[in-house]
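Notes for the one structure printed next.
The values are calculated or read from the model by the stated rules, or taken from the named source; none is laboratory data. Quantities reported herein were computed from a predicted structural model and do not represent experimental measurements. Here the Cβ is made from the backbone with ideal geometry for all residues, glycine too, and neighbour counts use every protein chain on show.
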Amino acid sequence: MPNHLPEDTTKSRIIIGTRGSELALWQANYVKDLLAAIGLESELKIIKTQGDKILNLSFDKLEGKGFFTKELEEELLSGSIDLAVHSHKDLPTNHPEGLIIAAVSDREDPAELLLILKDCVDVQQKLSVKFGGMVGTSSNRRKAQLLAVRPDLEIEELRGNVITRIQKLRDEKYDAIMLAKAGVLRLGLDLSEFYIEELEPNELIPAPAQGVLAYQIRENDTALFEKLQAINNHDIAEQIGIERKVLNLFEGGCQMPLGCYCRKDGSTFQIWTSKAADGTDFPDRLFTQTETADGIAEKIVAKFATDRKFPTNIFITRELSESSYLRNALAKHQIEIEGRSLIRTFPYINKLDPFILRNIDWVFFSSKNAIEYFFKLEPQLSKKVKFGVLGRASEDALRLHGKKADFNGEEEGIDTLDIAKEFAKQANGTTILFPSAKGSLKTIQKALAPETKIIELTVYETVSEENVEQSNAEVLIFTSPSNVDSYFAENLLEPDQKVICIGKTTGQKFDEMGVKYTLPFSPDEMGLAEAIFALD
């Protein structure tokens with residue numbers, strides 16, 4: 001690299017350096033249009049990078065970092081281009097001396113897409129890929145998180161640009177492939193020939209800064225820096241600053257199996273982090289909330305320290321299968337599990353009147369039990385019927401009956417009232433069936449407009465166990481208000497025991513008792529694993 005940087009210039013035409021793929025050119029032309037809108041003329045210069053040239057090796061086999069960025073940075077330093085446009089997630093966290101990120105773009109949707117050949121779809125399986133299916137991805141981050149929820153999948157290397165990867169799926173070299181949603185949206189691709197499973201960023205945690213473009217310039221080009229502030233998204237810069245600080249502290253590049261995603265809910269930063277040792281290691285996950293960005297990256301990284309202490313045992317008011325996500329997450333750290341339900345459930349009705357299923361538009365489930373007892377009644381539903389669920393756990397239970405949720409409240413947040421409001425936007429004015437437990441709180445129903453026809457169907461009831469045995473576990477996890485009532489009918493909380501609750505209604509029981517507890521972001525096993533990992 002040259003020792004002397006070009007002096008700051010005020011060129012009438014800015015030269016934008018970019019890679020030559022369809023997506024890179026879209027991104028560069030997008031920036032060109034933004035510059036034109038603020039009165040700056042520009043032209044493109046295509047530069048080939050190491051990552052574009054070497055297509056026969058996986059990312060973890062390539063030496064060094066920045067194999068999609070290094071050549072663009074060298075051109076910047078030499079003065080042959082004035083601005084480099086990067087997918088921010090491809091950039092190493094340490095910039096070459098003399099270069100800076102002057103601005104960042106708005107964030108495109110950072111979700112991941114699983115594109116599946118239609119004859120390889122099985123909606124009864126989580127993620128909808130058939131058992132033992134072959135999934136193509138070049139990312140160890142994606143591989144580790146996929147195998148954590150679907151260890152039966154065969155993950156194979158997939159290289160090439162977006163168009164090339166899709167063609168490989170079309171040629172049936174894979175049963176499914178994973179792509180960032182941002183690239184698909186930017187290219188405006190028609191993917192109707194495939195079945196698409198969308199994974200929200202709090203489910204499969206994306207790469208730091210995924211969906212964001214970085215505008216890199218020479219540090220001494222102060223005139224261009226000032227002009228670029230007109231297209232800089234300061235809020236996104238703050239959020240991805242946390243993500244990339246985490247990446248930097250882990251000393252990782254884009255091949256590290258690290259996911260980190262930050263968003264803002266009002267004034268609160270919400271941050272999800274996933275890290276594995278390699279693509280086959282079960283990843284640890286952490287969810288963090290904070291009002292300030294100061295020091296939060298350091299706190300996140302400290303939770304992943306190899307010498308940190310975990311609880312030796314936990315108690316949960318639910319039986320866990322040998323293949324459960326939570327059991328596998330805890331087994332990694334030798335945490336013993338005592339799982340037993342403190343309630344029994346019974347069917348409330350034994351036969352379903354087919355008349356109530358006429359003209360149904362939606363069926364909404366608030367629990368896994370409601371799903372199980374409803375389908376035991378063998379309902380005959382129209383194909384036009386849509387299904388709503390509170391969260392991922394219910395969505396997984398629904399899959400076992402060959403049904404896919406059209407509305408998943410977990411995408412809207414953890415507050416049931418917020419979920420109810422979002423569901424009302426889609427379902428107001430329709431006819432909705434609510435299979436539920438006897439004595440259900442009916443929070444969703446209360447948020448619906450008067451013109452909505454609500455059909456209540458009590459399908460099961462719960463009865464508390466008697467003489468519940470005390471648990472001496474360090475952490476107690478309660479999965480329903482009924483389980484709380486059953487446990488504390490005869491037992492007390494030990495001074496050093498910590499409590500985790502699934503759902504705010506369960507937590508309200510401890511509010512009444514004046515007991516401190518942790519509420520996972522998502523009311524499922526993945527959320528519980530995050531909450532346990534976050535404990536001090």
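Would you check which residues across region 109-119 are crowded, with 17+ Cβ neighbours inside 10 Å and either farther than 11 Å from Ile196 by Cα or of a type in the set (A, V, I, L, M) (or both) and list them? Don't jump to the end; show me each part of the working.
In the first step, residues of region 109-119 are kept if they are crowded, with 17+ Cβ neighbours inside 10 Å; the result is 109-117.
Across region 109-119, the qualifying residues are Asp109, Pro110, Ala111, Leu113, Leu114, Leu115, Ile116, Leu117.
Going by the structure shown, is Lys403 assigned by TED's automatic domain parsing to the domain that holds Phe375, assigned to a helix (DSSP H, G or I) and not aromatic (Phe, Trp, Tyr)?
Values: assigned by TED's automatic domain parsing to the domain that holds Phe375: yes; assigned to a helix (DSSP H, G or I): no; not aromatic (Phe, Trp, Tyr): yes.
No: the conditions fail for Lys403.
Could you grab me the full set of residues in region 96-121 that are in contact with a strand residue (DSSP E or B) (Cβ under 7 Å, 6 or more places away or on another chain) and of a type outside the set (A, V, I, L, M, F, W, C)?
Of region 96-121, the ones in contact with a strand residue (DSSP E or B) (Cβ under 7 Å, 6 or more places away or on another chain) are 98-105, 110-118, 120-121.
Result: Gly98, Ser105, Pro110, Glu112, Lys118.
For region 333-355, which residues satisfy the criterion of being without any contact (Cβ under 8 Å) to a residue 60 or more places away in the chain, crowded, with 16+ Cβ neighbours inside 10 Å and more than 30 Å from Leu377 (Cβ to Cβ)?
Ile337
Which members of region 101-127 meet the condition of being among the charged types (D, E, K, R) and within 18 Å of the chain's Cα centre (by Cα)? First the steps, then the outcome.
Step one: filter region 101-127 for residues among the charged types (D, E, K, R), giving 106-109, 112, 118-119, 122, 126.
Answer for region 101-127, where residues must be among the charged types (D, E, K, R) and within 18 Å of the chain's Cα centre (by Cα): Arg107, Glu108, Asp109, Glu112, Lys126.
Return only the number of the condition from (1) basic (Lys, Arg); (2) more than 25 Å from the chain's Cα centre (by Cα); (3) within 21 Å of Thr18 (Cα to Cα) that Arg186 does not satisfy.
Condition not satisfied by Arg186: (2).
With the structure loaded, tell me whether Phe423 is over 15 Å from Ile455 (Cβ atoms) and either assigned by TED's automatic domain parsing to the domain that holds Met526 or surrounded by 14 or more Cβ atoms within 10 Å (Cβ to Cβ) (or both) or whether it fails that test. Working first, answer last.
Values: over 15 Å from Ile455 (Cβ atoms): yes; either assigned by TED's automatic domain parsing to the domain that holds Met526 or surrounded by 14 or more Cβ atoms within 10 Å (Cβ to Cβ) (or both): yes.
Judged against the criteria, Phe423 is a match.
Test of understanding: among Asp122, Asp106, Asp152, which residue is surrounded by fewer than 17 Cβ atoms within 10 Å (Cβ to Cβ) and within 26 Å of Cys262 (Cα to Cα)? Talk me through it step by step, then tell me what you get.
Working: Asp122 fails: within 26 Å of Cys262 (Cα to Cα); Asp152 fails: within 26 Å of Cys262 (Cα to Cα).
On inspection, the qualifying residue turns out to be Asp106.
Output the residue which, of all residues in region 220-273 that are in contact with a Ser or Thr (Cβ under 7 Å, 6 or more places away or on another chain) and of a type in the set (Gly, Ala, Ser), is nearest to Glu200 (Cα to Cα).
Gly259
Hey, Lys299 hits all of (1) outside the structural domain of Cys501 (by TED's automatic domain parsing); (2) within 16 Å of Ile500 (Cβ to Cβ) but one; which does it fall short on?
(2)
For region 1-38, give me each residue that is loosely packed, with under 14 Cβ neighbours inside 10 Å, at pLDDT 95 or above and among the small types (Gly, Ala, Ser).
Ala36, Ala37
Please give the number of the condition Gly266 fails out of (1) farther than 27 Å from Ile163 by Cα; (2) in contact (Cβ under 8 Å) with a residue 60 or more places away in the chain; (3) among the small types (Gly, Ala, Ser).
Unmet for Gly266, out of (1) farther than 27 Å from Ile163 by Cα; (2) in contact (Cβ under 8 Å) with a residue 60 or more places away in the chain; (3) among the small types (Gly, Ala, Ser): (2).
Within region 452-466, is there a residue that is in contact (Cβ under 8 Å) with a residue 12 or more places away in the chain and touching an Asp or Glu at 6+ places or on another chain (Cβ under 7 Å)?
yes
What are the residues in region 145-199 that are at positive phi and touching a residue at least 12 places away in the same chain (Cβ under 8 Å), if any?
First pass over region 145-199, keeping only residues at positive phi: 160, 172, 188.
Gly160, Glu172, listed by residue number.
Take Ile236 and tell me if it is among the aliphatic types (A, V, I, L, M), touching a strand residue (DSSP E or B) at 6+ places or on another chain (Cβ under 7 Å) and part of a strand (DSSP E or B). Talk me through it step by step, then tell me what you get.
On the way: among the aliphatic types (A, V, I, L, M): yes; touching a strand residue (DSSP E or B) at 6+ places or on another chain (Cβ under 7 Å): yes; part of a strand (DSSP E or B): no.
No, not satisfied.
So for region 39-59 (the condition being surrounded by 14 or more Cβ atoms within 10 Å (Cβ to Cβ), hydroxyl-bearing (Ser, Thr, Tyr), closer than 19 Å to Arg186 by Cβ and at pLDDT 95 or above), does at least one residue qualify?
Yes, because at least one residue in region 39-59 is surrounded by 14 or more Cβ atoms within 10 Å (Cβ to Cβ), hydroxyl-bearing (Ser, Thr, Tyr), closer than 19 Å to Arg186 by Cβ and at pLDDT 95 or above.
Does Phe374 satisfy the criteria of being closer than 16 Å to Ala437 by Cα and either in a helix (DSSP H, G or I) or within 32 Å of the chain's Cα centre (by Cα) (or both)? If you could, list the steps in order and put the result at the bottom.
Working: closer than 16 Å to Ala437 by Cα: yes; either in a helix (DSSP H, G or I) or within 32 Å of the chain's Cα centre (by Cα) (or both): yes.
So Phe374 passes the test.
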